[in-house]
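The block underneath contains the structure these notes are about, expressed in structure tokens.
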Amino acid sequence: MHSSKNKNGEKTEPFYRPSVAKQKTSAEIINEARNALRTLRTQRPFTPRDEQRKLFGSASSRTPENRPPSTFSLHASSFESGESRPVSGTRLSPLDHKPKLLSSPTKDEGSSISFPKPPVNSMEGRKVSSVRARLHRTASQGNLLSDKTFLFDESKSISISFKYLNQEPGDDRVNETEEEENYWNVKILPIVYELENEDNIENLCLACTSLHQALEEGNMFGKRFKRRSVLLKTLYKLVDIGSDTLGLKLAKLILALKVSGKNLLSVCKLVFKISRNEKNDSLIQKNGLLDSLLEVLRFEDLQTNYEAFLYCMGAIKFSSGNAVLLNEMVNKGAVEILLQLMKQINNIKENDIHFTSLGHLLVQLTATLRNLIDLALSRCQLLRNGAVSELWVVLEQRMNDRDICTNISRIFSKLSSYNDCCAALADCSRCYILFLAILNKHQKKQDLVVRVVFILGNLTAKNNQAREQFFKEKGSTDILVSLFQTYSELDLNAKKWKHEREEYKTKQKHPSEAEDVLIKLIRVLANLSIHPNVGAALAANHHIVALLVTVLENKSVDDCEELVINAAATINNLSYYSVRNSVIQDKKLHIAELLLKLLMSSNMDGILEAVRVFGNLSQYLEIRDFIIQRKLYKFMIALLDAKHQDVCFSACGVLLNLTVDNNKRAILKEEGGIKKLVDCLRDFGPSDWQLACLVCKTLWNYSENITSAASCFEEEDTNTLLLLLASFLDEELALDYNLDSDLRDYHKLYWETEFKPVAQKLLNRIQSHHSFLQSVAITSF
């Protein structure tokens, strides 16, 4: 029986990709997304953590002589008393007895101050004693208290007063009210006396805490406090003790007293120095120092105090590396404060004398933002407050500063991993121009290039408009090609140290730096090729195709799995476009030869990618002949046993294209091909109508023009097909109505528009052959 026409006179034709464009069904579009064009994923570039906390990391482009120091000595002499007249150098002698202290008659009636006692046998106390003795010996001026005292007059109900030496009209006591003087004498002075004479760090810290509380209760913070400068003098001297715990207490007090100029710089350096030690993070949290640091950034003048801002911001950057402190920052409004600071810096133009110095500050600020965006709440705040647009301004103004560009690329690298943030980045019309400018300017700076390319890969992963926009930017393809060539050469040159590199890779299991750039660069090309016009243009680009081919020539999947698989996936995308000037078509036989190495590997992802490429290339007769000559069809048939839907789908696609040729259809009889196709239909049909449709098309092509029913299918296969097709064509039996609505609609769409028509034809043909076989058997009998 000849089956070139069915019983209704309808001409039967093999199923293959039509060469003439036609309106695609929804199912075809979905099928193409699975079968031909795919975006690629890759890991975000890894940022190694610096072993030491510094203003500028080990990878900084700044030379030591062109950047502020991260290490320095800091002493009491680093502070100055220029905010007031110096006080006497005479030290207060200890009292023979402890006077009774009365509170101010207007405040806290009846309260008293208790002094902590030093612990017995304190090693730290003995250490401080020696420091204290040195301070006492070397101090030539500036002691707060004189050795003359006046006991309180009980009849006047006033507390004890310690007389200052050299107290003249016009100094700190001018305009001091009696209430302020009383509060000073009762609440503050005894604690200052303790600070002057105590030798134990723990007790000094407790005294600082009491002083902070007393100043706060007396509303004495800020610059209005009349005796502020003499109090600061005592606090400055305690810096020489060198205790981090005490230093943070002192810093909090000094900052609360709103120092300025050199003193603000020195106290910010003090906090910076202490925060360099990661072990002090808990102390910073305990002392609530973040509030004080953020206040500096919020209220002090930037241009006057830019150096103090630098060390203040450096301390905040270090703290942001601690998860607890990071959360605390967000809750204290750090995002808004930092963005406001960034806007101030952006308003300072390049001809300003502070422009370069503020670049150092921007490095700290952007590094802090990089940590903040790890939190969902801060990401939302950043987007809501226009952080993205401000960061673009920074990039435009600081294009020559590699440290700033690298930090911002790290920020965008993280942000672009989230859909909403990625959309916000893509909304900037100039983003592609800026990224291309960075790539062009810093082409050999791997740590920067790899991140920018990763961002571009994310931007082009889901947005067709982004693909087109990037591709249309002047020089975009040339820059990608140039980068590809640069890092391919770097990678090839690294083979000079092959043994060392192999040993390293065996231990690390990471791509080399050059390979990492190539991986992410190829991903951009794969994503761009999803756009029809862009993909067709890239398929015709000799440089790009040649570089992709070079990867397959020089690398094995064992060398660098992700690189080789990405290269094959990109070739697969480009091979989809059957354009007249396609370089893929010109090189198709060479590409097929290279894919054999991948096909014969033990890497299933690599095998799948190679099969996908053969699925597209097997549209061409030369490749179908190649597959037969190299007996690759046997491999494709064997893959039908993989029990993996995508593998079976791709292998079946190659077999379908082979059956377009009459002289190649018989190969399905080998290696149990027909049975394996039937098994695929049975195993995957109800869950994958795309695969089921592909199997039916392959069997349809195979059974065309077969004159003898007996030579078409084995009886067992025939019976199984009759049962399966009849069952799958029954909508009630075929479709799973327990699926969610979207998935059910998708299944029904593909079942109804694609699977059902070809399955019904195949069922009719098999039934016709089966009836003929039965009639022959009866006649013979």
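Values in this text are rule-based calculations from the coordinates and carry no lab data. The structure presented is a predicted model; accordingly, all values stated were derived computationally and were not measured. Counting neighbours? That spans all protein chains shown, and the Cβs are built from the backbone with ideal geometry, glycine included.
So how do Thr477, Thr356, Thr753 line up by other beta-carbon neighbours within 10 Å, fewest first?
Working: Thr477 19, Thr356 11, Thr753 15.
By the 10 Å Cβ count, ascending: Thr356, Thr753, Thr477.
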Would you work out the charge dipole size for the range 526-621 about its Cα centre, treating the Cβ of every Lys and Arg as +1 and the Cβ of every Asp and Glu as -1, and quote it to the nearest 20 debye? 420 debye
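Would you mind putting 431-444, 643-656, 262-275 in packing order, based on average other-beta-carbon counts within 10 Å, highest first?
Values: 431-444: 17.9, 643-656: 22.4, 262-275: 24.1.
The packing order, highest mean first, is 262-275, 643-656, 431-444.
Computed FRET efficiency, Cβ-Cβ of Met600 and Ser741, R0 51 Å: what is it to the nearest 0.05? Present the calculation step by step, with values, prior to reporting the outcome.
Details: r = 44 Å, r/R0 = 0.86.
After rounding to 0.05, the efficiency reads 0.70.
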Hey, what do the phi angles of the range 587-601 turn into as Karplus ³J(HN,Hα) couplings, whole Hz, using 6.51/-1.76/1.60 and θ = phi - 60°, x for Gly and Pro? 9, 4, 5, 5, 4, 4, 4, 5, 6, 4, 4, 6, 5, 8, 7
At a 10 angstrom cut-off on C-beta neighbours, averaged per residue, how do the peptides 585-597, 671-683, 610-622 rank from highest to lowest? 610-622, 671-683, 585-597
At a 10 angstrom cut-off on C-beta neighbours, averaged per residue, how do the peptides 451-457, 462-468, 740-746 rank from highest to lowest? 451-457, 462-468, 740-746
Below 14 angstrom from the Cβ of Ile404, what's the summed charge of the other residues (Lys, Arg +1; Asp, Glu -1)? +4
Hz values of 3J(HN,Hα) by residue in the range 355-360 - Karplus curve (6.51, -1.76, 1.60), Gly and Pro given as x: 4, 5, 4, 5, x, 4
Using alpha carbons only, how many angstrom separate the centre of the range 299-320 from the centre of the range 609-651? 62 Å
Would you mind checking which residues have amide H under 5 Å from Lys258's amide H? H placed 1.01 Å from N; only 5 or more apart, or other chain. Gly222
Pseudo-spin-label distance Asp625 to Ser482, built 7 Å along Cα→Cβ, given in nm, is 4.3 nm
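For a footprinting-style exposure proxy, rank Leu448, Leu525 by other Cβ within 10 Å, fewest first. All intermediate terms of the calculation are to be shown ahead of the outcome.
Numbers: Leu448 25, Leu525 30.
Ascending Cβ contact count within 10 Å gives the list Leu448, Leu525.
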Whole-Hz ³J(HN,Hα) for each residue in the range 644-656, computed from phi via Karplus 6.51 cos²θ - 1.76 cosθ + 1.60 with θ = phi - 60°, x for glycine and proline: what do you get? 10, 4, 5, 5, 4, 4, 5, 5, 5, x, 5, 4, 4
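What is the sum of charges, Lys and Arg at +1 and Asp and Glu at -1, for the other residues whose Cβ falls under 12 Å from the Cβ of Lys332? Working shown, then result.
Details: positive: Arg298; negative: Asp291, Glu295, Glu328, Glu336.
Result for the neighbourhood of Lys332: -3.
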Over 31 Å between C-alpha atoms is what I'm after, so list which of Lys54/Lys262; Lys54/Lys441; Lys273/Lys414; Lys474/Lys587; Lys279/Lys349 land there. Lys279/Lys349
The summed charge of the Asp244 Cβ neighbourhood (under 9 Å; Lys/Arg +1, Asp/Glu -1) stands at +2
Do the alpha carbons of any pairs in Lys462/Lys664; Lys226/Lys343; Lys252/Lys343; Lys520/Lys631 sit beyond 30 Å of each other, and which pairs? Lys462/Lys664; Lys226/Lys343; Lys520/Lys631
